[in-house]
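Asker: Quick one: this structure, given as C-alpha coordinates, is what I'll be asking you about.
The values are calculated or read from the model by the stated rules, or taken from the named source; none is laboratory data. A quick note: this is a predicted structure, and the numbers were derived from the prediction, not measured. Cβ atoms come from the backbone with ideal geometry, glycine included; neighbour counts cover every protein chain shown. Surface areas here come from the heavy atoms of the whole protein model, side chains and all, with no ligands, DNA or RNA. Shrake-Rupley method; radii C 1.70, N 1.55, O 1.52, S 1.80 Å.
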Amino acid sequence: MATNSYDDENLDEGHYVYQVSAVVDQTESELSSAAEVDMILYERLIGKVIGTSGSWSGSSTSTRNAVFDGDITTFFDAPVADGAWAGLDLGKDNEAIVTEIRFYPRQNLPDRMVGGCFQGASKSNFSDAVTFYTISDTPKTDTFTSISVVDAGQYRYLRYIGPENGFCNVAEVEFYGYRSGISALTPPCADNVRQTPEILFDLQGRYVVTPMPKHGLYIHKGKKMLIGG
Ligand code: CA
(Lines give C-alpha, C1' and ligand atoms only; values in the text may rest on other atoms or scores of the structure.)
Protein backbone atom coordinates (compact mmCIF):
# COMPACT_ATOMS: atom_id res chain seq x y z
CA MET A 1 0.00 0.00 0.00
CA ALA A 2 1.20 3.56 -0.67
CA THR A 3 1.27 5.58 2.53
CA ASN A 4 3.78 7.51 4.59
CA SER A 5 3.10 5.59 7.77
CA TYR A 6 1.77 2.25 8.76
CA ASP A 7 0.48 0.95 12.06
CA ASP A 8 0.50 -2.80 12.36
CA GLU A 9 -1.97 -3.51 15.11
CA ASN A 10 -3.35 -6.51 16.93
CA LEU A 11 -0.43 -8.69 15.97
CA ASP A 12 -0.20 -12.25 17.10
CA GLU A 13 3.03 -13.52 18.55
CA GLY A 14 5.58 -14.23 15.88
CA HIS A 15 8.40 -12.98 13.72
CA TYR A 16 7.67 -10.05 11.41
CA VAL A 17 9.74 -8.47 8.65
CA TYR A 18 9.10 -4.96 7.36
CA GLN A 19 10.44 -3.20 4.29
CA VAL A 20 9.55 0.13 2.80
CA SER A 21 9.98 1.75 -0.59
CA ALA A 22 9.51 5.20 -2.05
CA VAL A 23 7.20 6.03 -4.91
CA VAL A 24 7.80 9.03 -7.13
CA ASP A 25 5.77 9.57 -10.26
CA GLN A 26 4.39 6.06 -10.02
CA THR A 27 7.89 4.59 -10.03
CA GLU A 28 8.77 2.55 -6.99
CA SER A 29 12.24 2.34 -5.48
CA GLU A 30 13.87 -0.87 -4.37
CA LEU A 31 12.81 -2.13 -1.01
CA SER A 32 14.72 -0.90 2.01
CA SER A 33 16.78 -3.28 4.08
CA ALA A 34 14.54 -5.32 6.33
CA ALA A 35 13.60 -4.41 9.87
CA GLU A 36 12.78 -7.55 11.77
CA VAL A 37 10.62 -7.69 14.85
CA ASP A 38 9.79 -10.44 17.27
CA MET A 39 6.39 -9.78 18.73
CA ILE A 40 5.58 -11.37 22.04
CA LEU A 41 2.67 -10.65 24.29
CA TYR A 42 3.30 -9.63 27.86
CA GLU A 43 2.39 -12.22 30.39
CA ARG A 44 1.93 -12.29 34.09
CA LEU A 45 5.18 -13.52 35.56
CA ILE A 46 4.93 -16.40 37.95
CA GLY A 47 7.48 -18.10 40.17
CA LYS A 48 8.22 -19.43 43.59
CA VAL A 49 7.09 -17.06 46.35
CA ILE A 50 10.00 -15.75 48.43
CA GLY A 51 10.38 -13.12 51.12
CA THR A 52 10.04 -12.51 54.82
CA SER A 53 8.60 -15.59 56.50
CA GLY A 54 5.83 -15.73 59.05
CA SER A 55 3.09 -13.24 59.88
CA TRP A 56 2.23 -10.73 62.60
CA SER A 57 -0.65 -12.72 63.95
CA GLY A 58 0.86 -16.08 63.25
CA SER A 59 -2.01 -16.62 60.88
CA SER A 60 -1.25 -18.79 57.90
CA THR A 61 -3.47 -16.61 55.71
CA SER A 62 -1.42 -13.42 56.24
CA THR A 63 1.98 -14.65 55.04
CA ARG A 64 3.96 -13.62 51.95
CA ASN A 65 1.94 -16.16 49.96
CA ALA A 66 -1.12 -13.93 50.36
CA VAL A 67 0.54 -11.35 48.08
CA PHE A 68 0.38 -13.68 45.11
CA ASP A 69 -2.73 -15.76 45.76
CA GLY A 70 -5.02 -13.80 43.41
CA ASP A 71 -7.31 -12.90 46.30
CA ILE A 72 -7.74 -9.17 47.02
CA THR A 73 -9.13 -9.91 50.48
CA THR A 74 -5.99 -11.64 51.72
CA PHE A 75 -2.85 -9.62 52.50
CA PHE A 76 0.64 -9.94 53.87
CA ASP A 77 1.00 -8.77 57.48
CA ALA A 78 4.67 -9.30 58.23
CA PRO A 79 5.97 -10.19 61.69
CA VAL A 80 8.29 -7.17 61.56
CA ALA A 81 7.34 -3.56 60.84
CA ASP A 82 10.39 -2.57 58.81
CA GLY A 83 12.19 -4.11 55.85
CA ALA A 84 9.77 -6.96 55.23
CA TRP A 85 9.26 -8.03 51.65
CA ALA A 86 7.51 -10.50 49.38
CA GLY A 87 8.61 -11.53 45.93
CA LEU A 88 9.04 -14.12 43.24
CA ASP A 89 11.89 -16.33 42.12
CA LEU A 90 11.27 -16.87 38.41
CA GLY A 91 13.77 -19.70 38.31
CA LYS A 92 17.18 -20.39 36.83
CA ASP A 93 17.54 -19.41 33.15
CA ASN A 94 14.06 -17.94 33.30
CA GLU A 95 14.87 -14.26 33.81
CA ALA A 96 12.35 -11.73 32.57
CA ILE A 97 12.10 -8.14 31.49
CA VAL A 98 9.43 -6.37 33.55
CA THR A 99 7.05 -4.05 31.71
CA GLU A 100 4.24 -3.48 34.17
CA ILE A 101 3.47 -3.82 37.86
CA ARG A 102 0.02 -3.89 39.43
CA PHE A 103 -0.69 -3.78 43.13
CA TYR A 104 -3.71 -3.75 45.41
CA PRO A 105 -3.34 -2.34 48.95
CA ARG A 106 -4.56 -3.91 52.14
CA GLN A 107 -8.12 -2.78 52.68
CA ASN A 108 -8.37 0.40 54.78
CA LEU A 109 -4.59 0.67 55.10
CA PRO A 110 -3.28 1.88 51.72
CA ASP A 111 -1.03 4.42 53.48
CA ARG A 112 1.10 1.55 54.68
CA MET A 113 2.48 1.29 51.15
CA VAL A 114 3.83 4.86 50.90
CA GLY A 115 7.60 4.56 50.55
CA GLY A 116 7.40 0.93 49.52
CA CYS A 117 9.14 -0.06 46.32
CA PHE A 118 9.33 -2.71 43.63
CA GLN A 119 12.67 -4.19 42.66
CA GLY A 120 14.32 -6.68 40.37
CA ALA A 121 17.62 -8.46 41.01
CA SER A 122 19.90 -11.18 39.73
CA LYS A 123 20.93 -12.21 43.23
CA SER A 124 18.56 -13.78 45.69
CA ASN A 125 19.61 -11.41 48.47
CA PHE A 126 18.82 -8.41 46.24
CA SER A 127 22.31 -6.95 46.79
CA ASP A 128 22.28 -5.92 43.12
CA ALA A 129 18.66 -4.75 43.13
CA VAL A 130 17.29 -2.24 40.67
CA THR A 131 14.28 -0.27 41.88
CA PHE A 132 11.52 -0.10 39.28
CA TYR A 133 9.19 2.15 41.19
CA THR A 134 8.73 3.72 44.62
CA ILE A 135 5.24 4.54 45.88
CA SER A 136 5.24 8.25 46.73
CA ASP A 137 1.57 8.88 47.46
CA THR A 138 -1.15 6.93 49.18
CA PRO A 139 -2.46 4.55 46.53
CA LYS A 140 -6.14 4.24 45.74
CA THR A 141 -7.91 1.81 47.95
CA ASP A 142 -10.11 -1.06 46.80
CA THR A 143 -8.56 -1.11 43.34
CA PHE A 144 -5.44 -2.09 41.46
CA THR A 145 -2.87 0.56 40.59
CA SER A 146 -0.88 -0.10 37.41
CA ILE A 147 2.67 1.11 36.88
CA SER A 148 4.50 0.98 33.56
CA VAL A 149 8.11 -0.07 33.86
CA VAL A 150 10.81 1.01 31.42
CA ASP A 151 13.84 -1.10 32.23
CA ALA A 152 15.64 -3.34 29.78
CA GLY A 153 17.26 -5.43 32.50
CA GLN A 154 16.48 -9.10 32.89
CA TYR A 155 15.86 -10.31 36.41
CA ARG A 156 15.33 -13.64 38.07
CA TYR A 157 14.17 -12.16 41.40
CA LEU A 158 11.34 -9.66 41.79
CA ARG A 159 9.90 -8.19 44.95
CA TYR A 160 7.88 -5.60 46.78
CA ILE A 161 9.58 -4.28 49.89
CA GLY A 162 7.44 -2.38 52.34
CA PRO A 163 8.35 0.99 53.89
CA GLU A 164 9.24 1.51 57.54
CA ASN A 165 6.34 0.67 59.79
CA GLY A 166 4.48 -0.80 56.83
CA PHE A 167 4.52 -4.49 57.89
CA CYS A 168 4.74 -5.08 54.15
CA ASN A 169 0.98 -4.75 54.06
CA VAL A 170 -0.28 -5.38 50.54
CA ALA A 171 -3.11 -7.54 49.25
CA GLU A 172 -1.82 -8.36 45.77
CA VAL A 173 1.24 -7.70 43.61
CA GLU A 174 1.42 -8.69 39.95
CA PHE A 175 4.48 -8.45 37.75
CA TYR A 176 4.08 -8.50 33.97
CA GLY A 177 6.75 -8.85 31.32
CA TYR A 178 8.36 -11.25 28.95
CA ARG A 179 11.22 -13.69 28.86
CA SER A 180 14.64 -12.71 27.68
CA GLY A 181 15.90 -13.28 24.15
CA ILE A 182 13.36 -11.02 22.51
CA SER A 183 14.64 -8.05 20.56
CA ALA A 184 13.05 -4.68 21.00
CA LEU A 185 10.72 -3.43 18.33
CA THR A 186 12.64 -1.39 15.77
CA PRO A 187 10.57 0.36 13.14
CA PRO A 188 11.73 0.36 9.55
CA CYS A 189 14.02 3.31 8.97
CA ALA A 190 13.07 5.71 6.22
CA ASP A 191 16.74 6.59 5.83
CA ASN A 192 17.17 3.30 4.05
CA VAL A 193 14.99 4.60 1.27
CA ARG A 194 16.92 7.82 0.95
CA GLN A 195 20.05 5.84 0.19
CA THR A 196 18.94 5.22 -3.39
CA PRO A 197 22.13 5.24 -5.46
CA GLU A 198 21.56 8.19 -7.77
CA ILE A 199 18.78 10.49 -8.73
CA LEU A 200 18.17 10.69 -12.44
CA PHE A 201 15.82 12.80 -14.47
CA ASP A 202 14.31 11.79 -17.72
CA LEU A 203 14.33 14.19 -20.61
CA GLN A 204 11.00 15.58 -19.48
CA GLY A 205 12.59 16.59 -16.18
CA ARG A 206 10.88 13.94 -14.09
CA TYR A 207 12.56 12.01 -11.31
CA VAL A 208 13.63 8.49 -12.07
CA VAL A 209 13.95 6.44 -8.94
CA THR A 210 15.68 3.11 -8.65
CA PRO A 211 15.55 0.38 -9.76
CA MET A 212 17.93 1.80 -12.28
CA PRO A 213 16.48 1.88 -15.77
CA LYS A 214 17.92 -0.69 -18.10
CA HIS A 215 18.50 1.71 -20.94
CA GLY A 216 17.66 5.16 -22.14
CA LEU A 217 18.87 8.70 -22.12
CA TYR A 218 18.70 10.55 -18.82
CA ILE A 219 19.88 13.68 -17.10
CA HIS A 220 22.38 12.99 -14.31
CA LYS A 221 23.84 15.86 -12.33
CA GLY A 222 22.96 18.25 -15.11
CA LYS A 223 24.44 16.14 -17.89
CA LYS A 224 22.97 13.74 -20.35
CA MET A 225 23.75 10.14 -19.57
CA LEU A 226 23.14 7.12 -21.72
CA ILE A 227 22.33 3.93 -19.93
CA GLY A 228 22.51 0.63 -21.69
CA GLY A 229 22.23 0.77 -25.39
CA1 CA B 1 -4.01 -11.71 48.32
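Asker: Tell me, please, whether a residue that is charged (D, E, K, R), in contact (Cβ under 8 Å) with a residue 60 or more places away in the chain and open to solvent by 50 Å² or more (accessible area, probe 1.4 Å) can be found in the stretch 47-60.
Answerer: No, every residue in the stretch 47-60 fails to be charged (D, E, K, R), in contact (Cβ under 8 Å) with a residue 60 or more places away in the chain and open to solvent by 50 Å² or more (accessible area, probe 1.4 Å).
Asker: If you go through the stretch 153-181, how many residues are over 19 Å from A96 (Cβ atoms), open to solvent by 20 Å² or more (accessible area, probe 1.4 Å) and not charged (D, E, K, R)?
Answerer: Residues that pass the stated criteria total 2.
Asker: Now, a different point. Could you run through the stretch 19-34 and say how many residues are open to solvent by 80 Å² or more (accessible area, probe 1.4 Å) and part of a strand (DSSP E or B)?
Answerer: Residues in the stretch 19-34 being open to solvent by 80 Å² or more (accessible area, probe 1.4 Å) and part of a strand (DSSP E or B): 2 in total.
Asker: Would you confirm whether any residue within the stretch 108-120 is exposed (fewer than 14 other Cβ atoms within 10 Å of the Cβ), under 16 Å from Y160 (Cα atoms) and either without any contact (Cβ under 8 Å) to a residue 40 or more places away in the chain or out of contact with any Pro (no Cβ under 9 Å at 6 or more places or on another chain) (or both)?
Answerer: no
Asker: Shifting gears a bit: Exactly one of these conditions fails for Y16: (1) touching a strand residue (DSSP E or B) at 6+ places or on another chain (Cβ under 8 Å); (2) in contact (Cβ under 8 Å) with a residue 40 or more places away in the chain; (3) surrounded by 13 or more Cβ atoms within 10 Å (Cβ to Cβ); (4) not hydrophobic (A, V, I, L, M, F, W, C). Give me its number.
Answerer: Of (1) touching a strand residue (DSSP E or B) at 6+ places or on another chain (Cβ under 8 Å); (2) in contact (Cβ under 8 Å) with a residue 40 or more places away in the chain; (3) surrounded by 13 or more Cβ atoms within 10 Å (Cβ to Cβ); (4) not hydrophobic (A, V, I, L, M, F, W, C), only one is false for Y16: (2).
Asker: Another question, then. Name the residue, out of V80, V37, that is more than 26 Å from S136 (Cα to Cα) and hydrophobic (A, V, I, L, M, F, W, C).
Answerer: None of the others qualify; the one that does is V37.
Asker: Evaluate the following for V209: is it more than 26 Å from G87 (Cβ to Cβ) and at pLDDT below 95?
Answerer: Yes.
Asker: Could we say that V37 is surrounded by fewer than 21 Cβ atoms within 10 Å (Cβ to Cβ) and either among the β-branched types (V, I, T) or within 15 Å of the ligand (Cβ to nearest atom) (or both) here?
Answerer: In short, yes.
Asker: Among the residues of the stretch 61-76 satisfying the criterion of being under 17 Å from D142 (Cβ atoms) and open to solvent by 70 Å² or more (accessible area, probe 1.4 Å), which is farthest from the chain's Cα centre (by Cα)?
Answerer: For the stretch 61-76, the residue satisfying everything is T73.
Asker: Okay, next question. Can you tell me which of (1) open to solvent by 90 Å² or more (accessible area, probe 1.4 Å); (2) at pLDDT 90 or above is the one P79 doesn't meet?
Answerer: (1)
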